[in-house]
1. Could you compute the FRET efficiency for residue 93 and residue 169, with r as their C-beta to C-beta distance and R0 at 41 Å, rounded to 0.05?
2. Could you put 214, 149, 109, 137 in order, starting from the residue whose Cβ has the fewest other Cβ atoms within 10 Å?
3. I need 32, 76 ordered by Cβ neighbour count within 10 Å, fewest first.
4. Mind checking the full-extension length gain between residue 100 and residue 141? Use 0.36 nm per residue of separation minus the Cα-Cα distance, one decimal, nm.
5. With all pairs of different alpha carbon atoms counted, what Kirkwood hydrodynamic radius in Å does the stretch 55-168 show?
6. Would you kindly state how much longer the chain becomes between residue 216 and residue 28 on full extension, computed as 0.36 nm times their sequence separation minus their alpha carbon distance, in nm to one decimal?
7. I'd like the antiparallel share, as a percent to the nearest 5, of DSSP beta bridges with both residues in the stretch 108-239.
8. Any idea what diffusion coefficient the stretch 205-246 gets from Stokes-Einstein, in µm²/s, Kirkwood Rh on alpha carbon pairs, 37 °C, 0.692 mPa s?
């Protein structure tokens, strides 16, 4: 466990030292490539010109209904228990973000191992439901809010995160977690390829394993139905349709 955390920290340092992708690179993302499979969780990665390192997607089955998982994902505290070293996921008043029943305005504070500064950001969290298939999409997008910087914390310039929950039966769901981030800042460090591969292969497994653990809690097991009313826009359907293996 100690070695894993050291490697995770080293990998974080590498990711923060990445530079912006040049305009000469292709405009479209590359194909998804399977890079790991563990505990029934499959990890994919691909190059994406929008960020300077690989976009990651993980897919696995969770023993919970879509409604129960939606209930969990509407709990601010849940994200602190799911995401690696997350310190805060709190509601916030943000210019340009209008909170609604299916739209949350959030402040995110992400811890990082020393000597890297913690990262934070303000963004919107939108819930969408696709009635024909019973799928739920939770999409998190950081915004350039103009909010004051926090001393000793680096503001994340870009992040998009998606959770897709697809029903399998009344008590099981397929959960897909996808994330691409430009964490900002710079740390002069050279990290071996083995460490880069470790973070890509392990982070998604860690995340979905935490979802499975949290979903077992009694307070997330008694949803009476789907809360989300915001329809899943056609232009965002590719998040579900692009899942490898579907």
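1. Numbers: r = 40 Å, r/R0 = 0.99.
Calculated value: 0.50.
2. Numbers: 214 20, 149 9, 109 17, 137 23.
The most exposed by this proxy come first: 149, 109, 214, 137.
3. On the way: 32 17, 76 14.
Sorted ascending by nearby Cβ count, the order is 76, 32.
4. Values: separation 41, 0.36 × 41 = 14.76 nm, distance 1.56 nm.
That works out to 13.2 nm of additional length.
5. After inverting the pairwise mean of 1/r, the radius is 15.3 Å.
6. Details: separation 188, 0.36 × 188 = 67.68 nm, distance 3.87 nm.
Additional length available on full extension: 63.8 nm.
7. Values: 29 of 33 bridges.
If we restrict to bridges inside the stretch 108-239, about 90 percent are antiparallel.
8. The calculation lands on 245 µm²/s.
None of the figures in this text is laboratory data; all of them are computed from the coordinates on show. Source: prediction; values computed, not measured. Backbone-built Cβ (ideal geometry, glycine too); neighbour counts: all protein chains shown.
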